[in-house]
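Working notes, structure below.
The values are calculated or read from the model by the stated rules, or taken from the named source; none is laboratory data. Bear in mind that the values here come from a model prediction, so they are computed numbers and not experimental data. Don't worry about glycine lacking a Cβ; one is built from the backbone with ideal geometry, like all the others, and counts go over all protein chains shown.
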Amino acid sequence: MNRKELNEIRNHFNPEAKYFAMEKVLTAFVDSQRTVRGVNIRNAGSIPSPESQILYDTMKKVLNVNLGKQSSELPFRNHAYGEDGAQTRLAALLQSELKQEDVALNFLGKLAETVDSDAPYAVLMAYCTYDPPRKNKMDELETDFTDQTFRYIVCAMCPIAKTEGMLVYNQFDDEILRQENPNAVISKAPQDGFFYPVFSDRATDVHHILYYTKTPNTPNENLVDAFFECDVETTVEEDQADMKTVLGALLGDDLTYETVTTVNDKLNQIVAKNKTDDSPTEVTGRILHRMLSEAGVPEEKLVDTEKVFEEHVESSLKPERLVSPKTVIKTPEIVVNVKNEAKDKVRLDKINGRHCMVIELDDAVIEVNGYDLKVPGVAEDTAAPW
């Protein structure tokens, strides 16, 4: 499933969407003792609008189109297809359409038992259908449907916190006083979640699951490995560290500001292309060789690129995990954030024996802590002598 397909599902995850229907909604609470409580299955249409909108908004966050970072499409391991395997449980849940409480309770019980969490959390889950409209030769959605409805489960796992007492205004007594809130508050931002099955080639793919995490550098490994029975991906930080290791091994002290920023430009181009490509490009040793060559690195430095890459990277790297939204230059005392489009206005140099970072300015006035300051040494405009 590529970003374009996931975005299609996300864009139609709306009560007003023409081709979409949310049919059943399940809500449940898992306490700190891993006991499932408060299970409630309702028809989506019977839920009052203010509540249903919160449910829609919360579960929609699981359909995060930032594939490679917060969202990952994961294949099931072979054991997942067994009698008590993860894929078998998910397939049974999907087939039940959340109409069979025993199937839902079995799923929730296994989730609570398997996920290693001492903190309570809420489970918000929905059974949905989507009738994919056909696409024309221009890749635009038509008004008629394909011949197959896409049926799926989306689930958000939200942390819960008990609020402390607070000051409130009591209209009846016309006074401000302290009030205890005995209820636990469910976060609108899921910590984890999943979408099953995935929507590949605009059709059902039961052999993969989309896993969402709010924190890509600390995914819920127990949920992915033990409950979904999928291999845990490396974190964003680990992939970035691998890339740094490869570049360091190849270029060492010859790694320059221009090389780093040009490679980031190339990664941005791949990420933009991946948003619509059916087969997203990943960074391999061969692709890294091409990027470094285009960045002006001499060929003699790149002879062993693929070999070095294979030594430090298991297979390939997702460009979405490597790209930086801006150029950040750090020293122990100074941090400079530069928009990528302005990166060429910065250069590193040695002036009068001192290591310097030189920043070109378009204007003679800059802002410091909210104050407009004129750059020293700028000559005032002089009046014409005539």
Query raised in the report: Within the stretch 232-285, can you find the residues that are within 18 Å of the chain's Cα centre (by Cα), in a helix (DSSP H, G or I), surrounded by fewer than 19 Cβ atoms within 10 Å (Cβ to Cβ) and among the acidic types (Asp, Glu)?
Result: GLU237, GLU238
**Report entry** Criterion violated by ALA17 - all others in (1) among the small types (Gly, Ala, Ser); (2) in a loop (DSSP other than H, G, I, E, B); (3) modelled with pLDDT of 95 or more satisfied
**Finding:** (3)
**Report entry** Those residues of the stretch 92-113 which are surrounded by fewer than 17 Cβ atoms within 10 Å (Cβ to Cβ) and out of contact with any strand residue (DSSP E or B) (no Cβ under 7 Å at 6 or more places or on another chain), in sequence order
**Finding:** ALA92, GLN95, GLN100, ASP102, ASN106, LYS110, GLU113
Report task. With the checklist (1) aliphatic (A, V, I, L, M); (2) in contact with a helix residue (DSSP H, G or I) (Cβ under 9 Å, 6 or more places away or on another chain); (3) part of a helix (DSSP H, G or I) in hand, flag the one item ILE9 doesn't pass. Result -> (2)
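Can you tell me which residues in the stretch 98-143 are in a loop (DSSP other than H, G, I, E, B) and either closer than 25 Å to GLN53 by Cα or at pLDDT 95 or above (or both)?
LEU98, LYS99, GLN100, PRO120, ASP131, PRO132
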Report summary line: Per the list (1) without any contact (Cβ under 8 Å) to a residue 12 or more places away in the chain; (2) at negative phi, residue check on ASN40 breaks on (1)
Report task. Tally the residues that are in contact (Cβ under 8 Å) with a residue 12 or more places away in the chain and either more than 21 Å from LYS4 (Cα to Cα) or not charged (D, E, K, R) (or both), restricting the search to the stretch 54-86. Result -> 23
Report task. Evaluate the stretch 74-89: report whether one residue or more is within 23 Å of the chain's Cα centre (by Cα) and closer than 21 Å to PHE13 by Cα. Result -> no
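Does THR27 count as surrounded by 13 or more Cβ atoms within 10 Å (Cβ to Cβ), outside the structural domain of LEU267 (by TED's automatic domain parsing), assigned to a strand (DSSP E or B) and modelled with pLDDT of 95 or more?
Working: surrounded by 13 or more Cβ atoms within 10 Å (Cβ to Cβ): yes; outside the structural domain of LEU267 (by TED's automatic domain parsing): yes; assigned to a strand (DSSP E or B): yes; modelled with pLDDT of 95 or more: yes.
For THR27, the condition - surrounded by 13 or more Cβ atoms within 10 Å (Cβ to Cβ), outside the structural domain of LEU267 (by TED's automatic domain parsing), assigned to a strand (DSSP E or B) and modelled with pLDDT of 95 or more - is met.
Inspect all residues belonging to the stretch 326-333 and state whether any of them is surrounded by 11 or more Cβ atoms within 10 Å (Cβ to Cβ), under 25 Å from LYS4 (Cβ atoms) and either free of Cβ contacts under 8 Å to residues at least 40 places away in the same chain or out of contact with any strand residue (DSSP E or B) (no Cβ under 8 Å at 6 or more places or on another chain) (or both).
Initial filter on the stretch 326-333 (surrounded by 11 or more Cβ atoms within 10 Å (Cβ to Cβ)): 326-327, 329.
Remaining after also requiring under 25 Å from LYS4 (Cβ atoms): none.
No.
Can you list the strands (runs of 3 or more DSSP E) lying wholly within the stretch 154-222 that have 1 or more residues being under 23 Å from LEU98 (Cα atoms)? First the steps, then the outcome.
Numbers: elements: 166-170, 175-179, 184-186, 192-196, 198-200, 203-205, 208-213.
Output list reads 184-186, 192-196, 198-200, 203-205, 208-213.
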Report task. Looking for whichever is more than 30 Å from VAL236 (Cβ to Cβ) and either surrounded by fewer than 16 Cβ atoms within 10 Å (Cβ to Cβ) or assigned by TED's automatic domain parsing to the domain that holds VAL246 (or both) here; the options are HIS355, HIS289. Which one fits? Result -> HIS355
